[in-house]
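The values are calculated or read from the model by the stated rules, or taken from the named source; none is laboratory data. This one's a predicted model, so the numbers in the text were calculated from it and none came from an experiment. All Cβ positions, even for glycine, are placed from backbone atoms using ideal geometry, and neighbour counts span all protein chains on display.
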Amino acid sequence: MTTLITGGTGFIGAEIARMLVGQGEDVHVAHRSGNLGRLEGIADQVQLHQFDLSVPGSASALLAKVAPERLFHFGAILTAPGEEDPQALLQANAAGFIETIEAARTAGTRQMIFASSIGTYGRDTGGGTINDMTLQRPHSVYGVSKVLGENLGAYYRHKYGLDFRGLRY
């Protein structure tokens, strides 16, 4: 199976890449930074793609080129830098996500796994156990962008049959 991992040099992405390489899969890693340290030992067993989610057209070009059956979408700007530059975060995490999911659909991607966040809930969760019925009231632009991703993914699942899964860490 051909798998693309955006944010593939990050902590979670690199571990997923390592697991898939071990299973003999065709793994493509998209990354913005030049730091490949977390891919040590497997960098020569994956196909690397320089990729910046905030650049319009980059997701469309990458997904058309790779045409993955499965996409792990872990690329994002995180909370602290996002609060310093909300526009940059929204360009990458919102506009970039919208472009990525549509490009995945048109490329024939069957499954998309999205790294969401506990930040979708905000600070006031009402106490008790957090579950899918807990209201999402994000207190950061990062959390807002992750709510958008989850909801758009659910729409694509219902409208187009994309096997979309959002994981909250």
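Brief remarks follow.
- The residues on offer are Thr109, Thr100, and the sole one that is among the polar types (S, T, N, Q) and assigned to a loop (DSSP other than H, G, I, E, B) is Thr109.
- Within the set Thr3, Thr79, Thr9, the sole residue that is of a type in the set (Ser, Thr, Tyr) and in contact with a Pro (Cβ under 8 Å, 6 or more places away or on another chain) turns out to be Thr3.
- Verdict on Gly166 being within 17 Å of Ala76 (Cα to Cα) and assigned to a strand (DSSP E or B): yes
- Close pairs from the stretch 10-35: first at pLDDT below 95 and surrounded by fewer than 19 Cβ atoms within 10 Å (Cβ to Cβ), partner among the basic types (Lys, Arg) and in a helix (DSSP H, G or I), Cβ under 9 Å, at least 6 apart: Phe11/Arg38
- So Thr129, is it part of a loop (DSSP other than H, G, I, E, B), hydroxyl-bearing (Ser, Thr, Tyr), over 28 Å from Asp85 (Cα atoms) and free of Cβ contacts under 8 Å to residues at least 12 places away in the same chain: yes
- Set Thr120, Thr109: member being in contact with a Gly (Cβ under 6 Å, 6 or more places away or on another chain), within 26 Å of Thr9 (Cβ to Cβ), among the β-branched types (Val, Ile, Thr) and crowded, with 22+ Cβ neighbours inside 10 Å: Thr120
- For Ala94: the one exception among (1) touching a residue at least 40 places away in the same chain (Cβ under 8 Å); (2) part of a helix (DSSP H, G or I); (3) over 21 Å from His158 (Cα atoms): (3)
- Residue in the stretch 61-81 that is at pLDDT 95 or above, part of a strand (DSSP E or B) and surrounded by fewer than 21 Cβ atoms within 10 Å (Cβ to Cβ) present: yes
- Within the stretch 82-102, if we keep just the residues that are more than 14 Å from Gly149 (Cα to Cα) and in contact with a helix residue (DSSP H, G or I) (Cβ under 8 Å, 6 or more places away or on another chain), the residue that is surrounded by the fewest Cβ atoms within 10 Å (Cβ to Cβ) turns out to be Glu83.
- Count of the stretch 91-127 residues which are closer than 28 Å to Thr2 by Cβ and either among the acidic types (Asp, Glu) or in contact with a strand residue (DSSP E or B) (Cβ under 7 Å, 6 or more places away or on another chain) (or both): 13
- Residue tally, condition within 12 Å of the chain's Cα centre (by Cα) and closer than 20 Å to Arg137 by Cα, over the stretch 98-124: 4
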